[in-house]
Amino acid sequence: ETQVGDAGMSAIGLIAGLKNLNLWSTTVTDAGLESLTTVSSLERLNLNQLGNLTDTGLEHVSKLASLKWLHLGSSPQITDDGIALLSALESLETLNVEFCSGVSDFGTSQLTEKNPNLIIEF
């Protein structure tokens, strides 16, 4: 576990050329994820076990146009509505929603309709 929280996210948002970010099991919230919207180079983002992550956070994530890989596992507050926001990520190749109890087959099928090459891991 790391000690990265929302305060540290503003500094991370300033890193030019950042391609891979692992925020697994941190205290980062939706507000902290807003700082990432300026990181246009980000390709891989691990948000596994972010207990505070909600659909609002996914709204910020949906602005990361270069994102290819996203891990949302163990985020019980995420819903199908939040997953639908990710349809804006045309570069997304792999999405992990393992143990996201608010995400249904209906929600993920909406994504694969818009991006048939997307691999969704449960």
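No value in this document is a laboratory result; all are computed from the given coordinates. Model, not experiment: these values are computed from the prediction. We place every Cβ from the backbone using ideal geometry, glycine too, and count neighbours over all the protein chains shown.
A few comments on the model shown:
- Rounded tilt (10° steps) of 105-114 against the dominant C-alpha axis of the chain: 80 degrees
- The distance linking region 79-122 with region 1-41 is 22 Å (Cα centroid to Cα centroid, whole angstrom).
- Value at 222 nm in deg cm²/dmol, rounded to 500, when DSSP H runs of n ≥ 4 in the chain each add -39,500 (n - 2.57): -7000 deg cm²/dmol
- For region 39-122, the C-alpha radius of gyration sits at 0.94 times the compact-globule guess of 2.2 N^0.38 Å, with N the residue count.
- The packing ranking of peptides 50-62, 83-95, highest mean first, is 50-62, 83-95, where packing means the average number of other beta carbon atoms within 10 angstrom of each residue.
- Region 6-103 - charge dipole about Cα centre, Lys and Arg +1 at Cβ, Asp and Glu -1, debye rounded to 20: 360 debye
- Burial order of peptide ranges 33-40, 18-25 (average beta-carbon count within 10 Å, highest first): 33-40, 18-25
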